[in-house]
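Q: Got a structure for you, written out below as structure tokens; questions coming shortly.
The values are calculated or read from the model by the stated rules, or taken from the named source; none is laboratory data. Because the structure is predicted, anything quoted here is derived from the model rather than measured. Note that we place each Cβ from the backbone using ideal geometry, even for glycine, and neighbour counts take in every protein chain shown. The area values use the complete protein model at the heavy-atom level, side chains included, leaving out ligands, DNA and RNA. Shrake-Rupley method; radii C 1.70, N 1.55, O 1.52, S 1.80 Å.
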Amino acid sequence: MTEDDERDSNRVVILGYAARRQLFPGQPAVGATLLIKSVPYTVIGVLTEKKQNSNYDGPDNDYLFAPYSSVARDFPPP
């Protein structure tokens, strides 16, 4: 993910290791389109599996990462 993705509010996403396995089992994820609440995001990367839990909410393996600017635009608070 680049500064351009943030500045331009690009609809791109990086998947955690477990998220990729759940969403794209047995197939490549990078380059695929992922619908998030019917909004298409392009998968641009996948994190390697993390064994260590380094945050309070659980390991990054389960998460999706997207530019804040695109998430704020596409999913504004109610």
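Q: Tell me the mean residue ellipticity at 222 nm calculated for the chain from its helices only (DSSP H runs of n ≥ 4, each -39500 (n - 2.57), averaged over every residue, nearest 500). Mind dumping the intermediate values first?
A: Working: 3 runs with 19 residues, N = 78.
Taken over the chain, the calculation gives -5500 deg cm²/dmol.
Q: For the pair Ser38 and Lys50, how long in nm is the line joining their label points, each one 7 Å along Cα→Cβ?
A: 3.3 nm
Q: Given Cβ point charges of +1 (Lys, Arg) and -1 (Asp, Glu) and nothing else, what value in debye, to the nearest 20, does the dipole of the chain about its Cα centre take? Mind showing how you got there, number by number?
A: On the way: 8 positive and 10 negative charges, 59 e Å.
With only Lys, Arg, Asp and Glu charged at Cβ, the dipole is about 280 debye.
Q: Report, to the nearest whole %, how much of the accessible area of the chain belongs to carbon and sulfur atoms, 1.4 Å probe, protein only. Display every interim value, and only then the final one.
A: Details: 2890 of 5450 Å².
Here carbon and sulfur together make up 53 percent of the probe-accessible area.
Q: While we're here: At 0.36 nm per residue, and after removing the present C-alpha to C-alpha distance, how many nm does the segment from Val30 to Tyr68 gain when stretched out fully?
A: Details: separation 38, 0.36 × 38 = 13.68 nm, distance 1.99 nm.
Roughly 11.7 nm would be gained on extension.
Q: If you don't mind, another one. Given an 8 Å cut-off on Cα distances and at least 6 residues of separation, report the relative contact order of the chain as a percent.
A: Numbers: 121 pairs, mean separation 33.0, N = 78.
Taking the mean separation of contacting Cα pairs over the length of the chain, I get 42 percent.
Q: With Rg and the Kirkwood Rh both taken from Cα atoms, where does Rg over Rh land for the chain? Please report the intermediate quantities before stating the final value.
A: Details: Rg = 12.9 Å, Rh = 13.2 Å.
Reported Rg/Rh, Kirkwood definition of Rh: 0.98.
Q: Okay, moving on. Under a 1.4 Å probe, what is the accessible area of the chain per residue, stated in Å²?
A: Counting only protein heavy atoms, the per-residue value for the chain is 70 Å².
Q: Provide the per-residue ³J(HN,Hα) series for the stretch 29-40, in order, calculated from phi with Karplus coefficients 6.51, -1.76, 1.60 and θ = phi - 60°, each as a whole number of Hz, with x at glycine and proline positions.
A: 9, 4, x, 7, 9, 10, 8, 10, 6, 6, 9, x
Q: While we're on this one: Give, as a single signed number, the net charge of other residues whose beta carbon lies under 15 Å from the beta carbon of Asn10, with Lys and Arg counted +1 and Asp and Glu -1. Could you put the intermediate results ahead of the total?
A: Values: positive: Arg7, Arg11, Arg73; negative: Glu3, Asp4, Asp5, Glu6, Asp8, Asp74.
Value of the local net charge: -3.
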